[in-house]
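The values are calculated or read from the model by the stated rules, or taken from the named source; none is laboratory data. Worth saying up front: this structure is predicted, and the values here are computed from it rather than measured. Cβ placement follows ideal geometry from the backbone for every residue including glycine, while neighbour counts extend to all protein chains displayed.
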Amino acid sequence: MSRTGFQFGKRKQVQGEPVQFIEDSKFSIGGVYSLFMPDSGNAVYHIHLTNYNLYNNALPAPFDLSSSNTTTSGSLSPTTFATSLFFKPDGTRFFYGTDAQKRIYSWDLATPWDITTRTGTRKNSPMTFPFVHGLYFSQDGLNCVIADGSNGIRKCELATAWDITTINSGTIIYNAPDYLDGIAFYDSGKKFIYSTRDAAKLVLFEVSAPYNFNTIIKSYTYTDAVNFTSGGLGMSATSDGKKIISGRGTSKIVLLNNNF
């Protein structure tokens with residue numbers, strides 16, 4: 001994905017056809033704040049709501065949330081409002097954003113996907129936006145999309161791939177009406193998803209050209225049939241968009257099949 005292909009415009013509301021989601025399974029893991037699921041589907045990573053530990057929840061089979069074998073790397077630094085999580089595709093680096101510090105942090109993993117081998121940390125300069133509640137990086141690591149709390153969706157660029165110390169503050173490219181908690185793109189940038197903290201819903205869009213919001217072809221809003229009072233906390237999707245995990249309440253993860 002090139003930077004020149006990462007173009008955005010103003011939102012246009014178009015209602016699309018309904019999409020069927022199937023709740024496969026869920027398991028309780030304690031406080032859920034930030035979520036990430038690799039394409040392999042063999043694990044779910046999350047940052048705890050209150051102790052800010054990073055957890056690797058190894059699954060018994062791909063996309064099987066019936067149980068997990070959990071390990072932790074210990075509390076992340078800073079330990080205040082670590083609100084998003086994203087892994088580099090090869091599993092050698094992970095990223096998270098924070099509320100209070102207005103920053104994105106990254107750690108390297110000496111062994112890919114093994115959070116117990118994390119070494120070193122990097123951080124960007126304080127940003128001009130108040131919230132980092134969801135992270136998505138392009139496959140080349142040169143672009144970052146941020147679910148910017150209550151302000152919408154922000155696109156930033158990195159001067160060096162995957163190096164958040166060189167990230168700019170970017171610009172708002174989508175004024176979402178909801179309080180966002182996660183974001184993901186798929187289908188070569190022609191479709192995207194965001195999750196909301198309030199009302200526990202997922203909103204999906206299809207656009208006419210990759211990463212271009214001038215024309216939205218269709219959209220769909222999915223509201224979780226299971227009523228968790230705390231709403232949705234975190235969301236992640238495989239790169240093809242077919243599998244979605246979404247936090248519900250303070251202790252559940254729901255796995256959904258996406259046919260949009």
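Mind listing whichever residues of segment 214-245 are over 21 Å from S40 (Cβ atoms) and either at pLDDT 75 or above or of a type in the set (D, E) (or both)?
Scanning segment 214-245 gives T215, I216, I217, K218, S219, Y220, T221, Y222, D224.
Give the residue, chosen from T80, T98, that is within 21 Å of L180 (Cα to Cα), within 20 Å of the chain's Cα centre (by Cα), exposed (fewer than 14 other Cβ atoms within 10 Å of the Cβ) and modelled with pLDDT under 90. Step through it out loud before you land on a result.
Numbers: T98 fails: exposed (fewer than 14 other Cβ atoms within 10 Å of the Cβ).
Within the list T80, T98, the selection yields T80.
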Checklist line | Verdict on G41 being modelled with pLDDT of 90 or more and on the phi > 0 side of the Ramachandran plot | finding: yes
Next item on the list: Would you mind stating whether A43 is out of contact with any helix residue (DSSP H, G or I) (no Cβ under 6 Å at 6 or more places or on another chain), free of Cβ contacts under 8 Å to residues at least 24 places away in the same chain and closer than 16 Å to K252 by Cα?
Entry: no
Note to self: I'd like the full set of residues that are part of a loop (DSSP other than H, G, I, E, B), within 23 Å of T215 (Cβ to Cβ) and of a type in the set (A, V, I, L, M), limited to segment 155-181.
What the structure shows: A176
Margin query: I need the strands (runs of 3 or more DSSP E) fully contained in segment 38-146, keeping only those with at least 2 residues that are within 24 Å of R197 (Cα to Cα).
Written below: 43-48, 53-58, 93-97, 104-109, 134-137
Notebook entry, point to check: Could you list, in sequence order, the residues of segment 164-197 that are free of Cβ contacts under 8 Å to residues at least 24 places away in the same chain and crowded, with 18+ Cβ neighbours inside 10 Å?
Noted result: F192
Check: Can you find even one residue in segment 85-95 that is surrounded by 15 or more Cβ atoms within 10 Å (Cβ to Cβ) and at pLDDT below 90?
Finding: no
Notebook entry, point to check: Looking at (1) under 19 Å from D148 (Cα atoms); (2) touching a helix residue (DSSP H, G or I) at 6+ places or on another chain (Cβ under 7 Å); (3) at pLDDT 85 or above, which is the one condition that is false for N124?
Noted result: (3)
Next item on the list: Name every residue in segment 198-219 that is in contact (Cβ under 8 Å) with a residue 60 or more places away in the chain, in contact with a Gly (Cβ under 7 Å, 6 or more places away or on another chain) and under 29 Å from D99 (Cβ atoms), in order of residue number.
Entry: Y211, F213, S219
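Report whether or not T117 is surrounded by fewer than 17 Cβ atoms within 10 Å (Cβ to Cβ) and touching an Asp or Glu at 6+ places or on another chain (Cβ under 9 Å).
Yes.
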Check: List the pairs whose first member sits in segment 137-163 and is within 16 Å of Y96 (Cα to Cα) and modelled with pLDDT under 90, whose second member is surrounded by 21 or more Cβ atoms within 10 Å (Cβ to Cβ) and of a type in the set (D, E), and whose Cβ atoms are under 6 Å apart, counting only residues at least 6 apart or on separate chains?
Finding: R154/D148
